[in-house]
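Novice: Okay, handing you the structure first.
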Amino acid sequence: MRLFNRYYSGHHLLLPLVDLILAVVIAAVARFVVDFAEIRPAVHWSAYLLQGGIVGFLVIIVFYYADLYSIDSTLPEKEWGVRLVSGFGVTCLIIGGLSQVIRRPDLRDISLTTMLLIGVGLFAWRVEFTRLLKKRRICGKVLIVGTQAIGKIVAEELHRRKHLAMEVVGFIGHQAGQVVLSYGNPTRVSLPVFPRHSTIQVVESNRVDRILVEGPESCADFPAQDLVMLRLRGIPVEDCHRFYERVMGKIPITDLQPGWIVLSEGFRRNRWILSSKRAVDVVVSIIGLILSAPIALLAAIAIKLDSKGPAIYSQERVGQYERPFMLYKFRSMLNDAETGTGPVWAAKSDPRITRVGKILRKLRIDEIPQMVNVLKGEMSFVGPRPERPFFVSKLKEKIHYYHLRFSVKPGLSGWAQICYPYGDSEEDAIEKLHYDLYYIKNISALFDLQIIFETLKTVLLRHGSR
């Protein structure tokens with residue numbers, strides 16, 4: 001299922017839904033039992049649901065920011081337990097604080113016993129959900145037509161992401177053989193390659209319920225009539241790039257033809273999209289500059305006390321349509337840090353970073369001045385990160401489609417920044433381009449707001465900073 005520009009499996013949706021139902025039901029029932037036992041005046045049933053809804057809403061928000069809805073990778077049991085306890089503890093503190101500030105019966109009547117019952121219920125449900133994930137069965141069998149690189153990438157991702165519950169039964173090739181997938185060193189998986197004349201037989205014998213083709217040329221090279229017949233039988237036939245985009249949230253450039261970009265849905269640039277996106281930029285930047293003013297002042301003072309040089313520095317970056325502009329940042333490195341080396345990517349434990357700079361980068365405070373660039377219209381709040389001209393010239397020569405990043409304004413945050421950790425190599429630049437292309441294809445004000453909320457979670461959990 002696709003929701004807010006991202007694909008979610010049934011397990012993704014089941015987890016927060018049951019969290020919400022449990023919190024609402026337990027809170028409502030507990031309030032009703034207390035009222036009945038103490039012979040309080042009867043209230044309408046909506047009052048009980050309202051109280052439960054408040055608790056459920058806060059549980060969902062806090063658990064989201066505690067990263068308790070990410071099931072793409074299995075967390076160690078200890079870390080999972082710590083996140084759950086801390087997340088629920090924060091929820092209790094928020095409810096306690098709100099009950100003092102907002103003196104409503106809906107909040108003040110939420111007892112400690114109610115919260116303990118909700119905590120036990122959520123913990124028991126999470127244990128059961130973990131058990132369900134371990135015992136889940138394959139619910140989708142996939143056949144890939146063709147043996148190009150993009151088909152192998154799709155197969156590797158489906159093997160890696162077990163929560164999707166999809167299994168690749170094999171490939172259709174010109175002749176029988178084997179395809180070896182390398183989705184984790186030293187893990188290797190071999191899948192069969194079936195001859196093209198046996199397509200229908202393979203589908204029937206393996207109960208295939210989805211066929212992926214590597215492109216229009218695959219339909220021409222392989223029995224097109226068989227694919228047509230299978231499509232008319234109700235078996236979905238989908239392009240590998242489209243499937244990968246929908247499920248993984250990024251567009252791979254491997255085997256990507258220009259015609260796919262030209263003919264695919266998305267990549268829209270109408271007046272409504274651009275004006276609404278600009279409105280989000282202006283509003284969020286003004287609010288951000290006002291709220292961050294005290295932090296910015298303290299950061300500037302700390303930088304001046306820690307090392308010589310200006311608190312804010314400017315650096316040339318490449319903007320929309322490859323136009324250069326000066327980007328503003330709080331200085332987190334030694335003054336004239338690149339005098340002897342020239343332009344280089346920031347590395348982990350970079351010796352050029354100052355003591356205060358480490359804190360600023362970790363908390364993303366060094367990027368606050370970039371909101372001025374957003375107000376000036378040189379940047380957007382959301383978009384591909386702006387690179388320096390030195391790196392852009394090198395990456396454009398080596399990476400196909402890299403120039404497409406400059407069809408939109410660069411951003412203070414972006415889809416690549418929240419989905420992929422900090423990168424300092426050509427391979428990282430390619431992977432981030434996959435996410436940038438996905439953003440450029442699906443650009444909208446609503447998508448921008450989603451990324452802004454995701455960015456707040458990333459900053460709070462301190463992922464991807466360097």
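The values are calculated or read from the model by the stated rules, or taken from the named source; none is laboratory data. Computed from a predicted structure; not experimentally measured. So basically every Cβ, Gly included, is an ideal-geometry build from the backbone, and we count neighbours across all protein chains shown. Quick note on the areas: whole protein, heavy atoms, side chains included, nothing else; ligands and nucleic acids left out. Shrake-Rupley method; radii C 1.70, N 1.55, O 1.52, S 1.80 Å.
Novice: Does segment 275-310 hold any residues that are charged (D, E, K, R) and open to solvent by less than 80 Å² (accessible area, probe 1.4 Å), and which are they?
Specialist: LYS277, ARG278, ASP281, ASP306
Novice: In segment 380-400, which residue that is without any contact (Cβ under 8 Å) to a residue 60 or more places away in the chain and among the basic types (Lys, Arg) is least open to solvent (accessible area, probe 1.4 Å)?
Specialist: Going through the qualifying residues, I end up with ARG385.
Novice: Need pairs with beta-carbon distance below 9 Å; first residue part of a helix (DSSP H, G or I) and within segment 404-421, second open to solvent by less than 10 Å² (accessible area, probe 1.4 Å) and of a type in the set (Phe, Trp, Tyr); sequence gap 6+ or separate chains.
Specialist: Filtered contacts from segment 404-421: TRP415/TYR438; TRP415/TYR439; TRP415/PHE447; ALA416/TYR438; ALA416/TYR439; CYS419/TYR438.
Novice: Let me spell it out: the conditions are (1) over 28 Å from LEU404 (Cα atoms); (2) in a helix (DSSP H, G or I); (3) open to solvent by less than 50 Å² (accessible area, probe 1.4 Å), and VAL228 meets all of them except one. Which number is the exception?
Specialist: Failed condition: (3).
Novice: Would you be able to say whether some residue in segment 269-289 is under 25 Å from LEU158 (Cβ atoms), at pLDDT below 90 and within 28 Å of the chain's Cα centre (by Cα)?
Specialist: no
Novice: I'd like the full set of residues that are in a loop (DSSP other than H, G, I, E, B) and either open to solvent by 20 Å² or more (accessible area, probe 1.4 Å) or at pLDDT 90 or above (or both), limited to segment 343-374.
Specialist: Of everything in segment 343-374, those that are in a loop (DSSP other than H, G, I, E, B) and either open to solvent by 20 Å² or more (accessible area, probe 1.4 Å) or at pLDDT 90 or above (or both) turn out to be PRO343, VAL344, TRP345, ALA347, LYS348, SER349, PRO351, ARG352, LEU363, ARG364, ILE368, PRO369.
Novice: Can you pull out the residues in segment 6-21 that are open to solvent by 50 Å² or more (accessible area, probe 1.4 Å) and at pLDDT 75 or above?
Specialist: Matches in segment 6-21: LEU13, LEU14, LEU17, LEU20, ILE21.
Novice: I'm checking my understanding of the structure. Among residues of segment 22-59 that are among the β-branched types (Val, Ile, Thr), crowded, with 17+ Cβ neighbours inside 10 Å and touching an Asp or Glu at 6+ places or on another chain (Cβ under 8 Å), which one is modelled with the lowest pLDDT?
Specialist: ILE54
Novice: State all residues of segment 234-274 that are in a helix (DSSP H, G or I) and open to solvent by 60 Å² or more (accessible area, probe 1.4 Å); if no residue qualifies, say none.
Specialist: ARG242, PRO258, VAL262, LEU263, ARG271, TRP272, LEU274
Novice: Under 7 Å between Cβ atoms, at least 6 apart or on separate chains: pull out the pairs that start in segment 238-258 with a residue that is more than 10 Å from VAL154 (Cα to Cα) and end on any residue that is acidic (Asp, Glu) and open to solvent by less than 40 Å² (accessible area, probe 1.4 Å).
Specialist: Correct list of pairs: ILE251/GLU245; ASP255/GLU214.
Novice: Then there is this: On the basis of being within 22 Å of ARG242 (Cβ to Cβ) and polar (S, T, N, Q), does SER413 make the cut?
Specialist: no
Novice: Considering only segment 320-332, state which residues are closer than 14 Å to GLY377 by Cα and surrounded by fewer than 22 Cβ atoms within 10 Å (Cβ to Cβ).
Specialist: GLN320, TYR321, ARG323, PRO324, PHE325, MET326, TYR328
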